[in-house]
Every structure is written in structure tokens, then in C-alpha cells.
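Please read the structure below before turning to the comments.
The values are calculated or read from the model by the stated rules, or taken from the named source; none is laboratory data. What you see is a predicted model, and the numbers here were worked out from it, not measured in a lab. Cβ atoms come from the backbone with ideal geometry, glycine included; neighbour counts cover every protein chain shown. Quick note on the areas: whole protein, heavy atoms, side chains included, nothing else; ligands and nucleic acids left out. Shrake-Rupley method; radii C 1.70, N 1.55, O 1.52, S 1.80 Å.
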Amino acid sequence: MKIEKAKSYGFCFGVKRAVEIAENSKNAVTLGPLIHNPLEIKRLADNYNVKYVETLEEIDENIKRVIVRTHGIAKDKLQKLKEKDIEIIDATCPFVKKPQEIVEKMSNEGYDIVIFGDKNHPEIQGVMSYSTHNRVYTVLDEKELFDIKLKEKIATVAQTTRKLENYLKIVNYLISNYKEVRVFNTICNATFENQDAVKKLSKKADIMIIIGGKNSSNTKQLYNIAKENCESHLIESATELDPKWFESKRLCGISAGASTPEWLVEKIISKIKEIA
Ligand code: F3S
């Protein structure tokens with residue numbers, strides 16, 4: 001069986017940057033996991049003593065440095081951090097900062113805000129918190145807007161990891177129903193590149209292995225695209241591989257989410273070679 005990696009996969013610019021910041025900030029904590037990959041989080045804890053806490057309350061006087069993670073944090077939490085006697089190291093991806101700034105500016109100018117994304121995702125909770133009023137509507141599709149009466153001025157942004165074609169449906173609904181719509185394409189290119197590459201490879205592969213955290217939204221997107229075209233499995237570690245998957249397969253495609261480190265991809269490829 002041949003193994004082929006997608007043309008573009010794995011660590012994006014924002015994650016690479018955050019991991020480097022963490023490696024250079026030994027003995028710091030992050031509020032929530034730095035990135036959505038449990039094994040990389042463990043490596044940072046074991047090798048650099050960079051741990052994470054879930055809540056602000058856990059940050060006691062023994063903690064001197066806090067890293068703000070790639071997905072960013074809510075504005076009020078950032079404010080509370082600033083009130084503590086600690087060093088704040090900001091590893092928010094610049095592409096996540098962008099929608100935060102847009103939402104702050106446009107809400108200040110009186111625009112209703114429509115966010116295409118998952119309101120339970122930390123990135124979106126952060127972005128929502130930048131609105132200076134409460135007319136912020138976070139939706140996953142245009143149908144959720146049917147019963148909402150928006151004002152005439154609307155600004156819209158998207159979660160960085162969403163699919164453009166779905167965002168366009170929301171944008172289309174908005175401009176068909178309202179007079180002034182300011183559209184900001186805040187979807188990240190790194191996600192597009194990994195998605196395009198997985199689409200191409202999964203069309204010719206017999207099986208796709210997608211590596212990444214099961215809580216990672218962009219990894220799940222890759223998996224969903226792959227499984228439209230061939231048998232696909234989303235795994236976090238080599239222990240999940242099942243030799244049966246590879247029986248009578250000729251081409252195995254590999255892709256990985258934006259928070260998946262290269263060392264993990266290589267480890268899984270070696271394991272596939274061993275068992276297939
Ligand atoms: Fe940033 Fe895009 Fe990665 S938003 S964290 S570069 S997927």
C-alpha cells in the first residue's frame with residue numbers, strides 16, 4: 001500500500017507561532033488549552049512546564065505568566081487578567097484578532113452583528129465579546145436568521161475555520177433581505193489550503209487517515225470532506241489505528257488538522273507502515 005500526504009496539511013501559521021511562543025515562555029500557564037491537540041499540549045507541559053488552567057479563578061499568586069491561546073479569549077476575561085499581577089503573553093492568532101477588531105468597530109458604529117460560527121467555540125465566544133451592544137447573532141446557517149428582525153445596518157464576520165460556501169449562503173440571505181450589509185471574509189486561508197488538498201487526495205485514495213484533536217473544528221472539517229470521497233478515519237494517536245482498515249487498500253492518504261504537529265504525523269505514518 002502506498003502512503004501519500006496531502007499537499008498542504010498540519011500546523012498553520014497561527015499554531016506554529018503559538019507553539020514557539022509557548023516554548024519560549026517556560027513555566028507559564030495558558031487559560032484553556034493553547035491549541036486543540038492534546039498530545040502537543042502534553043509535550044509542552046512535559047518539556048517546557050507550560051500547563052493550562054480552565055478558569056481565571058485557578059490563576060493564583062504562584063502563577064507569574066499567562067499565555068493567551070490561539071483562539072483568543074473574551075474581552076472581559078482579558079480585562080480581569082490585566083488586573084492581576086502577572087505577565088500576559090498574547091498568542092492569539094492575528095487572523096482571530098481581525099474579527100474581534102471588526103466586531104468592536106462595527107458595533108461601535110451601530111451595526112447589528114451576524115457571526116457565522118459555533119457559539120460554543122472559544123474563538124467565537126471571544127469574538128462575540130468584542131461587541132459593544134447585545135445585537136450579536138451567532139448562527140450556523142441562514143435559516144436561523146429567518147425569525148430575527150435585524151436593523152438595516154448589518155456587519156457580518158465568519159469563524160476562521162468555516163467553509164466559504166456556507167458563509168456565502170448567509171451573506172446571500174442578508175443582502176437579499178437588508179439594504180446595508182458589510183461583509184468581512186474572515187475565513188483563514190490556511191484552512192482553505194488544507195481543505196482543498198484533502199479534497200483532491202481523498203478523490204484518488206482508498207482510505208484517508210485524518211490526524212488531529214477530536215475537539216478541533218478544522219480537523220473535523222477535513223474529516224467531513226474526506227469521508228464524502230472515501231473511507232476515512234479521524235484519529236488522535238497511533239493507538240487508534242486498526243490493521244483491518246488497510247486490508248486490500250492500495251493508496252492511503254494522510255492529512256492533519258492545523259494544530260497537529262509534524263512529529264505526530266510521522267509517528268502515525270510509521271505505525272501504518274508497520275501494521276498495514
Ligand atoms: Fe490562525 Fe488560521 Fe491557524 S486563523 S490559528 S492561521 S487556521
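Filtering the range 26-54 to residues that are away from the ligand (no atom under 16 Å from the Cβ), closer than 25 Å to Glu236 by Cα and open to solvent by 20 Å² or more (accessible area, probe 1.4 Å) leaves Pro38, Leu39, Lys42, Arg43, Ala45, Asp46, Asn47, Tyr48, Asn49, Lys51, Tyr52, Glu54. Are any residues in the range 178-196 more than 21 Å from Ser8 (Cα to Cα) and not β-branched (Val, Ile, Thr), and if so, which ones? Tyr178, Lys179, Glu180, Arg182, Phe184, Asn185, listed by residue number.
Just the residues that are among the polar types (S, T, N, Q) and crowded, with 19+ Cβ neighbours inside 10 Å, please, taken from the range 259-273. If the condition is that a residue be among the polar types (S, T, N, Q) and crowded, with 19+ Cβ neighbours inside 10 Å, then Ser259, Thr260 are the ones that fit.
If Tyr223 satisfies all but one of (1) of a type outside the set (S, T, N, Q); (2) more than 14 Å from the ligand (Cβ to nearest atom); (3) in contact with an Asp or Glu (Cβ under 9 Å, 6 or more places away or on another chain), what's the number of the condition it fails? Result: Tyr223 fails condition (3) only. Residues in the range 137-159 that are closer than 20 Å to Ile102 by Cα and either over 21 Å from the mean Cα position of the chain (by Cα) or open to solvent by less than 10 Å² (accessible area, probe 1.4 Å) (or both): Val139, Leu150, Lys151, Glu152, Lys153, Ile154, Ala155, Thr156, Val157, Ala158, Gln159.
Of all the listed residues (Gly117, Gly126, Gly110), the sole one being over 29 Å from Tyr48 (Cβ atoms), open to solvent by less than 30 Å² (accessible area, probe 1.4 Å) and within 14 Å of the ligand (Cβ to nearest atom) is Gly117. Among all residues of the range 72-85, there is at least one that is within 16 Å of the ligand (Cβ to nearest atom) and either aliphatic (A, V, I, L, M) or not assigned by TED's automatic domain parsing to the domain that holds Asn27 (or both). Among residues of the range 86-97 that are of a type in the set (Gly, Ala, Ser) and within 13 Å of the ligand (Cβ to nearest atom), those with a Cβ under 8 angstrom from a residue that is open to solvent by 20 Å² or more (accessible area, probe 1.4 Å) and not in a helix (DSSP H, G or I), sequence gap 6+ or separate chain, pair up as Ala91/Arg69.
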